[in-house]
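The values are calculated or read from the model by the stated rules, or taken from the named source; none is laboratory data. Worth saying up front: this structure is predicted, and the values here are computed from it rather than measured. With ligands, DNA and RNA removed, areas are computed over all heavy atoms of the protein, side chains included. Shrake-Rupley method; radii C 1.70, N 1.55, O 1.52, S 1.80 Å.
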Amino acid sequence: MRPAVITPARVGIALCLVAPFVAMLWVGSYAKTDPALMGIPFFYWYQMLWVPISAVLTMIAYQLWRRDQRARRRGVAAE
């Protein structure tokens with residue numbers, strides 16, 4: 001029997017990878033100048049904040065992928 005294609009880990013991976021795209025493509029949510037942070041308009045610092053957030057989410061997705069692959073190999077090896 002084949003392991004499931006859609007697993008909770010893969011859903012988590014998808015969410016981690018899609019979240020930055022949704023956040024950046026929804027321009028209406030951050031196309032404003034206030035609140036400013038140290039004189040930097042919201043539009044700019046919000047986008048720059050997503051750089052480290054995206055890196056962390058990509059790292060989480062990678063760790064989930066590795067865990068999912070190990071689990072799939074154990075499942076195949078057990079058969």
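The table below gives the values:
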| read-out | value |
| --- | --- |
| Accessible solvent surface per residue of segment 8-78, calculated while the other protein chains remain in place, 1.4 angstrom probe, Å² | 73 Å² |
| Stokes-Einstein translational diffusion, the chain - Kirkwood Rh over all Cα pairs, 0.890 mPa s, 25 °C, in µm²/s | 165 µm²/s |
| Helix 8-25 vs. the chain, principal-axis angle (Cα, 0 to 90°, nearest 10) | 20 degrees |
| Accessible area of the chain belonging to carbon and sulfur atoms, whole % at 1.4 Å probe | 73 percent |
| Between 0 and 90°, nearest 10: helix 42-78 axis offset from the chain longest Cα axis | 0 degrees |
| Full-stretch length increase - R66, I53 - with 0.36 nm per residue and alpha-carbon distance subtracted | 2.7 nm |
